[in-house]
Amino acid sequence: MNEGAVRDLAERLLAARPYLIGVRHHSPACAAAMPAWLEEAAPERIFVELPAEADPWIPWLGHPEAVAPLAVAAGGGSFWPFAAFSPEWVAIRWAVAHSVPVECFDLPIARRALPAEHVAGTFDLPDWDTLVEAPGVGATPRDLRAAALLYGQGLRHRGASPYDKAREAWMRARLAAFTGRAAVVTGAFHNAALVDPELDPVARDGVIQIGRAHV
């Protein structure tokens, strides 16, 4: 994929609605940029990749006196740890401080009957640190957001498991039920599945080689 095509794809992802924020779940670069992203999005609701059962814990996670590390535990041995460099936790704290509702919109644990399998593909993609985290030092919030979204696109060329597809279908339904201005904070892998299928390599034919192209 040539540089011009990569830039066009980045612009489409940046302009998508809802406002997409793709992260690695523990990323100092994304955590530092999160307030700027949310200020730009000016959301009426923030959707976070946590199971619905975590909703009652949002006021406590976002409490100004809460100190990391902390975690949310749920049935079946599920465990979600948060550190000072967890982008989701920064988003939750920002939301509580700005009185913006947060919805934990991932598939409820009670409905997770499918195995959490992984799909291994042949698409060659450099790691997150090479494409996003290291270049993110000193980058503008916009460029960092674009790089993370493009990285998620690359991951999707490896395919998605039935478990991931079930989760993404649930998340799309939750987003469709909200008609206001939303920001969505998920692992970068899921972003394309939550908007236009034309942007999702899993939902259409063809392969777009993103590789090491710069945004």
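Across 110, 188, 169, mean-square fluctuation computed from a Gaussian network of the chain (C-alpha pairs under 10 Å connected) peaks at 110. Of the accessible area of the chain, computed with a 1.4 Å probe over protein heavy atoms only, carbon and sulfur atoms account for 56 percent. Both radii were evaluated on the Cα set of the stretch 6-112; the Rg over Rh quotient, with Rh as the Kirkwood radius, amounts to 0.98.
With the largest listed first and rounded to whole Å, the semi-axes of the equivalent ellipsoid of the chain from the Cα gyration tensor are 26, 20, 16. Entry comment: accessible area of the chain is 48 Å² per residue, from protein heavy atoms only and a probe of 1.4 Å. Estimate the FRET efficiency between residue 40 and residue 110 by the formula 1/(1 + (r/R0)^6), using the beta-carbon distance for r and 25 Å for R0, to the nearest 0.05. The value I calculate is 0.10. I'd like the orientation of helix 141-156 relative to the chain: the angle between its Cα long axis and the longest Cα principal axis, in ° from 0 to 90, rounded to 10. Taking Cα atoms only, the helix is inclined about 70 degrees. The slack in the chain from residue 71 to residue 53, taken as 0.36 nm per residue of separation less the alpha-carbon distance, amounts to 5.1 nm. For the stretch 46-88, dividing the convex hull volume of the Cα atoms by the residue count gives 80 Å³ per residue.
GNM on the chain, C-alpha springs below 10 Å: top fluctuator among 192, 160, 173? Judging by the Gaussian network model, the answer is 173. Each residue, residue 178 and residue 99, gets one label point 7 Å from its Cα in the Cβ direction; the gap between the two is 1.8 nm. Computed from Cα atoms, the angle from the helix 3-15 axis to the main principal axis of the chain rounds to 30 degrees. In this structure, the amide hydrogen of residue 182, modeled 1.01 Å from its nitrogen in the peptide plane, lies closer than 5 angstrom to those of 19, 44, counting only residues at least 5 positions away or on a different chain.
The values are calculated or read from the model by the stated rules, or taken from the named source; none is laboratory data. What you are looking at is a predicted structure, and each value in this text was computed from that prediction instead of being measured. With ideal geometry, Cβ positions are generated from the backbone for all residues, glycine too; neighbour counts draw on all protein chains shown. The protein model used for the area step is the full one, side chains on, heavy atoms only, and it has no ligands, DNA or RNA in it. Shrake-Rupley method; radii C 1.70, N 1.55, O 1.52, S 1.80 Å.
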